[in-house]
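As structure tokens, the structure follows; a few thoughts come after it.
Any read-out appearing in this document is the output of simple, stated calculations on the displayed coordinates, not a laboratory observation. It should be emphasised that the depicted structure is a prediction, and the values quoted were computed from it without experimental measurement. Counting neighbours? That spans all protein chains shown, and the Cβs are built from the backbone with ideal geometry, glycine included.
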């Protein structure tokens with residue numbers, strides 16, 4: 001897919017130099033950098049679910065009672 005992106009001049013020159021040094025295309029350099037950035041943005045570890053001792057509130061113990069509670073407090077089902 002083609003797109004237009006404004007890139008800082010110095011950054012573009014450095015990317016072009018890297019492409020020449022690595023004997024590859026500017027497109028390959030940009031795609032590799034974008035993939036690496038997106039991969040590093042992912043959480044490193046799964047989310048931890050925290051629980052506390054005790055029993056659940058009465059309205060959570062059944063799906064029907066939970067919806068009744070939501071209906072009475074949040075203005076209805078989605």
So, in nm, how far is label residue 39 from label residue 15 when the simple model puts each one 7 Å beyond its Cα toward the Cβ?
1.8 nm
For 52, 40, order by how many other beta-carbon atoms lie within 10 Å, fewest first:
52, 40
Under a crude label model (7 Å from the Cα following the beta-carbon direction), how far is residue 26 from residue 68 in nanometres?
6.7 nm
